[in-house]
1. Given a 1.4 angstrom probe, what's the average accessible area per residue across the chain, in square angstrom?
2. Quick one: putting +1 on the C-beta of Lys and Arg, -1 on the C-beta of Asp and Glu, what dipole do you get for the stretch 2-87 around its Cα centre, in Debye to the nearest 20?
3. Tell me the carbon and sulfur percent of the accessible area for the chain, rounded to whole percent, probe radius 1.4 Å.
4. What distance in nm separates the simple spin-label points at ASP18 and THR2, each placed 7 Å from Cα in the Cβ direction?
5. Taking the dipole about the Cα centre of the chain, with the C-beta of Lys and Arg at +1 and of Asp and Glu at -1, give me whichever of THR4, ALA22, MET53 is farthest to the positive side.
Amino acid sequence: MTVTVDQFLNAALDRETDAQTATRACRTYFDLVRDHAFFQRTLIQRERARGDMAAEDEAWLKARAALAQVEVNLREIEQAYGLPPSV
């Protein structure tokens with residue numbers, strides 16, 4: 001579940017985060033949410049195009065690694081601000 005900007009900033013205020021840090025983290029969070037959707041679509045497209053051979057496709061492997069890193073970064077921000085998991 002993705003949170004709204006207001007929910008994110010309220011969570012930051014609850015943790016007495018300064019405005020600049022909260023704004024930067026909020027921007028990063030929503031960039032990661034967008035990136036997550038992009039990499040998921042990329043993986044699905046590569047799987048459809050390559051079928052059973054997708055796991056051997058270098059682009060698929062890179063997209064999968066990038067998706068995993070995005071998920072880690074999302075979880076870190078969600079935990080830091082007490083947000084519900086988005087993935």
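The values are calculated or read from the model by the stated rules, or taken from the named source; none is laboratory data. All figures in this text were calculated on a predicted structure; none of them were measured in a lab. In this analysis, Cβ positions are derived from the backbone assuming ideal geometry, glycine residues included, and neighbour counts consider all displayed protein chains. With ligands, DNA and RNA removed, areas are computed over all heavy atoms of the protein, side chains included. Shrake-Rupley method; radii C 1.70, N 1.55, O 1.52, S 1.80 Å.
1. Working: 5810 Å² over 87 residues.
It amounts to 67 Å² per residue over the chain.
2. Details: 11 positive and 14 negative charges, 52 e Å.
Its charge dipole is roughly 240 debye.
3. Values: 3000 of 5810 Å².
Its accessible area is 52 percent carbon and sulfur atoms.
4. The two pseudo-label positions are separated by 3.0 nm.
5. Positive-end residue among those listed: MET53.
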